[in-house]
Amino acid sequence: GSDAEACHNALTLAFSELTSLRGEILTQAIRPYDEKYLPPEELTKRAMHAFIRGTGSLVYMWSCEQTDAIIDRIYRPVGKIDPMDLAECFSIAAMGAHYDLDCFPDRIRRVLYASGTLHFHEDSAKTDYLRTMRLLLTTSFYAVLEKHMCARYLIGTLIAARVEIL
């Protein structure tokens, strides 16, 4: 129906904005993170936990146990790594670096964010709506803190997705 179409349009617009922000970051000739090139595990875990502590009083998205499980699946993989795990890990760590400034410098925080968006795309978004909504909420928080225009579209997508799911 029209609600599903509105949700799809909002998601498409949000992804185009994420692509724009990612492009701004990656034009600086910085290598993005992936399953073969990972940031230091301890700093990543520390940043992810900082995100949970920093946003936990506002909204629950992940527990420390859940983020630890994501880290285990990425740093000690059994088989192929799920792109959504990479997207969640890098995005959560990027957001957490805003809360714990000693984890990663600004340049690395931006690379983490861009790397997260590289692994988060419409195909993976359609496989698990709860994970997608949590990831969109995380990227929305990040975009708000970075004062980027895509925050408006990401939040609109979350609202449209919530309406569709209900």
Quick one: Karplus J couplings for the stretch 82-90, per residue in order, coefficients 6.51, -1.76, 1.60, θ = phi - 60°, nearest Hz, x for Gly and Pro?
5, x, 5, 4, 5, 4, 5, 4, 5
Rounded to the nearest 0.05, what FRET efficiency do residue 69 and residue 29 give with R0 = 45 Å and r taken as the Cβ-Cβ distance? Could you check?
0.85
Give the accessible area for residue 131 in Å² (nearest 10); use a 1.4 Å probe, count only protein heavy atoms, and leave out ligands, DNA and RNA.
40 Å²
Accessible-area order for 53, 134, largest to smallest, probe 1.4 angstrom, reads 53, 134
Rounded accessible area per residue of the stretch 44-130, 1.4 Å, Å²:
46 Å²
What is the list of residues in the stretch 37-56 whose amide nitrogen lies under 17 Å from a point 7 angstrom out from the Cα of residue 80, following Cα to Cβ?
none
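The values are calculated or read from the model by the stated rules, or taken from the named source; none is laboratory data. None of the values given here were measured: they were computed from a predicted structure. Don't worry about glycine lacking a Cβ; one is built from the backbone with ideal geometry, like all the others, and counts go over all protein chains shown. The protein model used for the area step is the full one, side chains on, heavy atoms only, and it has no ligands, DNA or RNA in it. Shrake-Rupley method; radii C 1.70, N 1.55, O 1.52, S 1.80 Å.
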